[in-house]
1. Are any of the residues in segment 73-81 hydroxyl-bearing (Ser, Thr, Tyr) and closer than 30 Å to Ser193 by Cα?
2. Considering only segment 112-130, state which residues are β-branched (Val, Ile, Thr) and at pLDDT below 95.
3. In segment 341-355, which residues are over 51 Å from the mean Cα position of the chain (by Cα) and within 17 Å of Arg232 (Cβ to Cβ)?
4. Please list, ordered by residue number, the strands (runs of 3 or more DSSP E) wholly in segment 200-308 having 2 or more residues that are surrounded by 13 or more Cβ atoms within 10 Å (Cβ to Cβ) and polar (S, T, N, Q).
5. Among the residues of segment 109-147, what is the count of those that are of a type in the set (D, E, K, R) and surrounded by 12 or more Cβ atoms within 10 Å (Cβ to Cβ)?
6. I'd like to know if segment 67-88 contains one or more residues that are exposed (fewer than 13 other Cβ atoms within 10 Å of the Cβ) and either at pLDDT 95 or above or within 17 Å of Ala129 (Cβ to Cβ) (or both).
7. Does Ile352 count as in contact with a Leu (Cβ under 6 Å, 6 or more places away or on another chain) and on the phi < 0 side of the Ramachandran plot?
8. Using beta carbons and a limit of 7 Å, which pairs, at least six apart or on different chains, have the first residue in segment 224-243 and more than 14 Å from Arg343 (Cα to Cα) and the second one of a type in the set (S, T, N, Q) and assigned to a loop (DSSP other than H, G, I, E, B)?
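The values are calculated or read from the model by the stated rules, or taken from the named source; none is laboratory data. This is a predicted model, so every value here is computed, not measured. Note: ideal-geometry Cβ built from the backbone for every residue, glycine included; neighbour counts use all protein chains shown.
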Amino acid sequence: MTIWARALGAGLLAACALVGFAAAFGLAASAGADPGQTIPTTEPPTSTEPPPTEPPIEPPPPSPPAPIAFGVTIGGVAVGGLMPDRATVVVQRAFARPLVLVVSPTRKIRIQATKLGARSNVPKAVRRARVARPGAAVPLDVHLSIARVRGYVERLGRQLDTKPVEARLVFSGAKPRAIKSEEGRHLKRLANSRAVRYALMRNTRAPIRLAFDAVKPKVDSADLDTTVVILRESKRLVYFVDGKFVRWFGVATGQSAYPTPLGSYEIVNLQRNPWWYPPPSKWAVDSEPVPPGPGNPLGTRWMGISAPYVGIHGTPDAASIGYSASHGCVRMRIPDAEWLFQRVELGTPVFIIAR
């Protein structure tokens, strides 16, 4: 290698060393520079304007409510295919219909559910119906006051209850005219209260036929088929069948001190060949019972009536007929008493009037 080549290589190495030294010095100077000193850069200055923004995204509008599934009912009211608000109106109108209580074919009573303390929760039922499957039967919650229903039925019963009409005779002179008996009625409080509550809870408005108990009269028209009428002042006993005169008999009635009682009675005791027992009265204090026979003061037949210690009977003292001679009983001739005995029975009405 020549001297010139070596000199050129050494010069290149020295140049490279100078360049490296300058670079190292520059880095050291930048690292130790003052923080407040501005170091020029080659980057372009930044803009003060904000970057452009995209317009806000609006949420989609809410979807309209869907109609209730077909075939759905609320408390028996068809609401399938209706919108919820319309279903609410329909169910409210159905519940507001009055209950119809049938008293008779010609009389009906209408009562509003609210007057019985009933309230329905229609919004809750409509919410259920909106998610119900097709054909579902959604119940309608009804709240009511049992006490108010019972109170209403009790007041209604006091208006509708009727007393029976007893069969009786009215007289035109001494001739009777029969008044037919009629059944009374008593409203069944418990059964009708249950029927009303059931209709309200089920939201049904079918007519409710009110239930009654029949109250039978104590004296039925059939009891007046045979009637005995005693005319106290006229001293006559008159026998009627179906309100028609059949026969009359002369009788003896009570003395002024022991008058035969006036009023309506019935036969309660029938005896053939009776014993006579002294009644608890002053006139019979020292008397003894008398067995059947010719001397018996009751004759051969005794027909006791519902007045205490009073009856219709035969007498061996036929001469007393036509007078006020007894101690309250009605005396008949023995054959007449036997005839009448065959034609009366327990319960036969006996009317004693003053004529």
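1. First pass over segment 73-81, keeping only residues hydroxyl-bearing (Ser, Thr, Tyr): 73.
From what is left, the residues that are closer than 30 Å to Ser193 by Cα are 73.
Checked segment 73-81: at least one residue is hydroxyl-bearing (Ser, Thr, Tyr) and closer than 30 Å to Ser193 by Cα.
2. Step one: list which residues in segment 112-130 are β-branched (Val, Ile, Thr), which gives 114, 122, 126.
Thr114 - this is the single residue of segment 112-130 that is β-branched (Val, Ile, Thr) and at pLDDT below 95.
3. The one that is over 51 Å from the mean Cα position of the chain (by Cα) and within 17 Å of Arg232 (Cβ to Cβ): Arg355.
4. Output list reads 226-231, 263-272.
5. Of the residues in segment 109-147, 6 are of a type in the set (D, E, K, R) and surrounded by 12 or more Cβ atoms within 10 Å (Cβ to Cβ).
6. Yes, the conditions are met somewhere in segment 67-88.
7. Taking the combined requirement at face value, the residue satisfies it.
8. Within 7 Å, the pairs are Arg232/Thr260.
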